[in-house]
Amino acid sequence: MKLKFSILVLFLIAFSFNGVAQKDVSAKSAEAIKELKQTNDKISKYFSSAYGYAVFPSIGKGGLGVGGAAGNGTLYRGGSIVGDCKMSQVTIGFQAGGQVYSEVVFFKDKKAFDRFVGDNFEFAAQATAVAVTAGASFEVDYRDGILIFTHAKGGLMYEASVGGQKFKTEMR
């Protein structure tokens, strides 16, 4: 019975995120960029050298066995806003709690950017993100032309789960 309920909740979460409208969060995205750069100035080089990037200023995430996350973002190319995007995520495994974080997805080149803006781009479970913390040193490289940074904003979540992130974009 518990397994059936968990599967039902998983499907409801997955389908509910597909109907979430994309919002213009460009002002909040600009604030998130500023905050990330203030938290750790080493991230600035990625903003200046990337072909493009997607900034999700506030992603809400929660779960208890089955979890999900969603957030709206702004798409940049060459430092200029070119579109809006949204992210949804479904996970399953040992997890409990909730948190809010921001996320930046950097694109090394046009090929990676074009893959992202294509219809229904997804990150598989093996995609890893680098946590941006104050003063931390990180020397990371792109994987398949993509690099992900996250910055915790609040909440508490314990997690050992698998899942993936799905993105939708709308060019301006």
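Bear in mind these aren't lab numbers, they're just calculated from the coordinates by the rules spelled out. Quick caveat: nothing in here was measured; it's all calculated off a predicted structure. Cβ sites come from the backbone with ideal geometry, for glycine too, and all protein chains shown count toward neighbours.
Which of the following residues is in contact (Cβ under 8 Å) with a residue 40 or more places away in the chain and buried (at least 24 other Cβ atoms within 10 Å of the Cβ): 62, 73? Give the steps one after another, and end with the answer.
On the way: 62 fails: buried (at least 24 other Cβ atoms within 10 Å of the Cβ).
Sole residue among the options that is in contact (Cβ under 8 Å) with a residue 40 or more places away in the chain and buried (at least 24 other Cβ atoms within 10 Å of the Cβ): 73.
Considering only segment 114-137, how many residues are over 22 Å from residue 31 (Cβ atoms), in contact with a helix residue (DSSP H, G or I) (Cβ under 9 Å, 6 or more places away or on another chain) and part of a loop (DSSP other than H, G, I, E, B)?
Qualifying residue count, segment 114-137: 1.
One residue is enough: does segment 50-64 have a residue meeting the conditions part of a helix (DSSP H, G or I) and of a type in the set (Val, Ile, Thr)? Don't jump to the end; show me each part of the working.
Keep residues of segment 50-64 that are part of a helix (DSSP H, G or I), which gives none.
Among the residues of segment 50-64, not one is part of a helix (DSSP H, G or I) and of a type in the set (Val, Ile, Thr), which makes the answer no.
From (1) more than 22 Å from residue 172 (Cα to Cα); (2) part of a helix (DSSP H, G or I); (3) not small (Gly, Ala, Ser), pick out the condition that doesn't hold for residue 111.
The one condition residue 111 does not meet is (1).
Quick one: count up the residues across segment 87-113 that are under 21 Å from residue 23 (Cβ atoms), among the polar types (S, T, N, Q), out of contact with any helix residue (DSSP H, G or I) (no Cβ under 6 Å at 6 or more places or on another chain) and buried (at least 20 other Cβ atoms within 10 Å of the Cβ). Don't jump to the end; show me each part of the working.
Within segment 87-113, the first condition is being under 21 Å from residue 23 (Cβ atoms), and the residues that meet it are 87-90, 98-105.
Right, trim to among the polar types (S, T, N, Q) and you get 88-89, 99, 102.
From the residues that got through so far, the ones that are out of contact with any helix residue (DSSP H, G or I) (no Cβ under 6 Å at 6 or more places or on another chain) too are 89, 99.
Pick out the ones that are also buried (at least 20 other Cβ atoms within 10 Å of the Cβ) and you get 89.
Final tally of qualifying residues: 1.
Would you tally the residues in segment 141-172 being surrounded by 14 or more Cβ atoms within 10 Å (Cβ to Cβ) and either more than 11 Å from the chain's Cα centre (by Cα) or of a type outside the set (D, E, K, R) (or both)? Quick ask: steps written out before the conclusion?
Initial filter on segment 141-172 (surrounded by 14 or more Cβ atoms within 10 Å (Cβ to Cβ)): 142, 145-153, 157, 159, 161, 163-169.
With the extra rule that they be either more than 11 Å from the chain's Cα centre (by Cα) or of a type outside the set (D, E, K, R) (or both), the set shrinks to 142, 145-153, 157, 159, 161, 163-165, 167-169.
Number satisfying all stated conditions: 19.
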